[in-house]
Amino acid sequence: MMNGYLRQDGRKGIRNTVIVAYLVECARHVAQEITNRFRGQCVHMIGFPGCYPNDYASMMMRRLTTHPNVGAVLLVSLGCESMDRNNLLAEVRASGRPAELIVIQSSGGTLRSIEAGAAWVENAISEIAAVPRVEITAADLVVGTVCGGSDTTSGLAANPAMGVAFDLLVAAGGRAIFEETGELIGLEHFMAERAVTPALGEEILACMRKTEDYYRTMGQSSFAVGNAEGGLTTIEEKSLGAYAKSGQSRIAGLIKPGDIPPYGGLFLLDVIPDGEVRFGFPNINDNMEIAELIACGSHLILFASGRGSVVGSAISPVIKVCGNPRTYRAMTDDMDVNAGAILENEATLDEVGQSIFALIQDVAAGTPTKSEKLGHQEFILSYKYFTPIGPACLPRVA
Amino acid sequence: MNELLVLAPTDQIAVAVRDIEPGETVTLPDGSRIVTRTRVPFGFKVAIRAIAAEEKVFKYNVPIGTATQAIAPGEVVHLNNLRSDYIATRRERT
């Protein structure tokens, strides 16, 4: 039986984390020093480095600070940056969470801000220990998938096994999100056929045309040198592996960062900015994808790797599924699941998929993942631009 | 244990599940044999039949690119002889 943290909006968290959020790079050191006082406790740092306003970044900060895994929020502002700190504070407080704002320029500078912030976090930890606990089942969970440090085994073992786990989650009524549209190039027609309605299929094709155009303009696909060193040759071959993590379910919706899946099923997350190319690469690394999955409500993340990523994340636990048995042996401390056992004939795809689904439930019940135990709390947020999704993207919303 | 994974019966390539040296005789799941002409590291693709220049190459029966030159059975299939049909793979590490 899993025990969740009940939030005012009815969503249930699997962690009860205090977030310290810097609102510009200039406030990061103070936020980091406050967070460092609570090593080993559930206190994580997130933030936005930019000084100029950006609707996407504001929306991401609102979604992340009101995520069900978050129990309390301390905002750390320098004072002159553009992020709308008062509205952000009001929104977090309206969500029923303890929240406070420290403005460094009006709090006496670095040291006094750190002291005031640390004292507030200390109190918040005790306060949120009283958050009501409720039963949580697989049907309450939102799970995101990502792959990083891919090699040929990601597509042969790790991603297909995560796909099996995703099918089990969807069958149990949960919400599953796959993404990295830049790494689904070449699979657009397969995805369109899996859409629950033809209109949703058209939206997926349009999204993938946008994706290809975007990367073509950048002169580079989402393909790193290490991918080729791991045996992958083209973006469409890499995509084939990434696609396997979606499992076999029908695609129930197409969402964008910050859209929370409104019903159970499998959702595709479009991470490619809309309009002209203006802020550079869509997502500059795996953690930027993870942050977007979390902003869509993901309670935890399944992360497939072959070459061996070590990252975790702020806010939501990351489960590492390693497809390469050699990497697993070399980096066992970092890996939660050895999907490479499939390639060495020691386990079947179904067995590994079932063990991932069981692990999802263990982690939701409180068991820490390897990256959580190691203290990984990576986070990154940057500038992007999106327009809202169209009505055909969520066919089951009337 | 098989040394090569054939992922779909129509594929012209198989994936090595161990490092294979040039000149080794390896057995396919259907019992037929090929002799490797190049080194095929773990996870890399090897041609299991002749592939013509400009022929599309399939993995899981899905196209993964086009052969830039004729590829003989037993040769590794990688950046030197396969290109993307979407966005070219950049090779440098600076």
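Longest stretch of chain A clear of exposed loop sites (GluC sites (Glu not before Pro), DSSP loop, at most 15 other Cβ atoms within 10 Å, sites excluded): A:1-275.
Suppose only helical runs count, i.e. DSSP H with n ≥ 4. What mean residue ellipticity at 222 nm does that imply for chain A under -39500 (n - 2.57) per run, divided by all residues and rounded to the nearest 500 deg cm²/dmol?
Value at 222 nm, helices only, nearest 500: -10500 deg cm²/dmol.
Reducing segment A:192-220 and segment B:40-94 to their Cα centroids gives an inter-centroid distance of 25 Å. Seen from a random direction on average, the alpha-carbon convex hull of chain A projects onto 18.1 square nanometres. Stokes-Einstein diffusion coefficient for segment A:192-297 at 25 °C in a medium of 0.890 mPa s, Rh from the Kirkwood formula over Cα pairs: what value in µm²/s? Stokes-Einstein gives a translational diffusion coefficient of 163 µm²/s.
Over segment A:46-179, one equal point on each Cα, no solvent: what is log10 I(q)/I(0) by the Debye formula at q = 0.09, 0.13, 0.20 Å⁻¹? The Debye formula, applied to the Cα set alone, gives -0.43, -0.78, -1.14. The string of couplings for segment A:146-154 from the Karplus curve (6.51, -1.76, 1.60, θ = phi - 60°) is 8, 10, x, x, 6, 9, 4, 6, 4 Hz, one whole number per residue in order, with x for Gly and Pro. Its residue count N sets the reference 2.2 N^0.38 Å, and the alpha-carbon radius of gyration of segment A:261-398 equals 1.19 times that reference. Between the Cα long axis of helix A:349-364 and the first principal axis of chain A there is an angle of about 10°, rounded to the nearest 10. Structure remark: mean-square fluctuation, Gaussian network model of chain A, C-alpha springs under 10 Å; the largest value among A:318, A:363, A:143 belongs to A:363. Note the angle between two axes, namely the Cα long axis of helix A:85-94 and the longest principal axis of the Cα atoms of chain A, as a number of degrees from 0 to 90, rounded to the nearest 10. Its long axis makes an angle of about 80 degrees. Quote the relative contact order of chain A in percent (integer), defining contacts as alpha-carbon pairs under 8 Å separated by 6+ residues. Here the relative contact order equals 21 percent. Percent of Cα-Cα pairs per 5 Å bin, from 0 to the last occupied bin, for segment A:174-220, please list those. Over segment A:174-220, the share of Cα pairs per 5 Å bin runs 5, 21, 28, 24, 13, 6, 2, 0 percent. Computed over chain B, relative contact order equals 25 percent, with contacts defined as Cα pairs under 8 Å that lie 6+ residues apart.
Taking amide H atoms as placed 1.01 Å from N in the peptide plane, the amide H of residue A:232 lies under 5 Å from those of A:152, each 5 or more residues away in sequence or on another chain. Could you list the residues of segment A:242-260 with an amide nitrogen less than 13 Å from a label point located 7 Å from the Cα of residue A:348 in the Cα-to-C-beta direction? Hits in segment A:242-260 for residue A:348 at 13 Å: none. Rounded to the nearest 10 degrees, the angle from helix A:198-218 to the longest Cα principal axis of chain A is 80 degrees. For segment A:218-350, averaging the sequence separation of C-alpha pairs within contact (under 8 Å, six or more residues apart) and dividing by the residue count gives a relative contact order of 14 percent. Between residue A:358 and residue A:38, the modelled labels are 3.4 nm apart [label points 7 Å from Cα along Cα→Cβ].
Of all DSSP beta bridges in the protein assembly as shown, what percent run antiparallel (nearest 5)?
Once the DSSP bridges in the protein assembly as shown are tallied, antiparallel ones form about 40 percent.
One decimal place: the segment residue A:58-residue A:284 gains 79.5 nm when fully extended, by the rule 0.36 nm per residue minus the C-alpha distance.
Computed log10 I(q)/I(0) for segment A:119-171 at 0.28 Å⁻¹: -1.09, from the Debye equation with unit scatterers placed on every C-alpha and solvent omitted.
Each Lys and Arg adds +1 at its Cβ and each Asp and Glu adds -1 at its Cβ; summed about the Cα centre, the protein assembly as shown shows a dipole of about 500 debye.
Rule-based calculations on the coordinates, nothing more; no lab input. Source: prediction; values computed, not measured. So basically every Cβ, Gly included, is an ideal-geometry build from the backbone, and we count neighbours across all protein chains shown.
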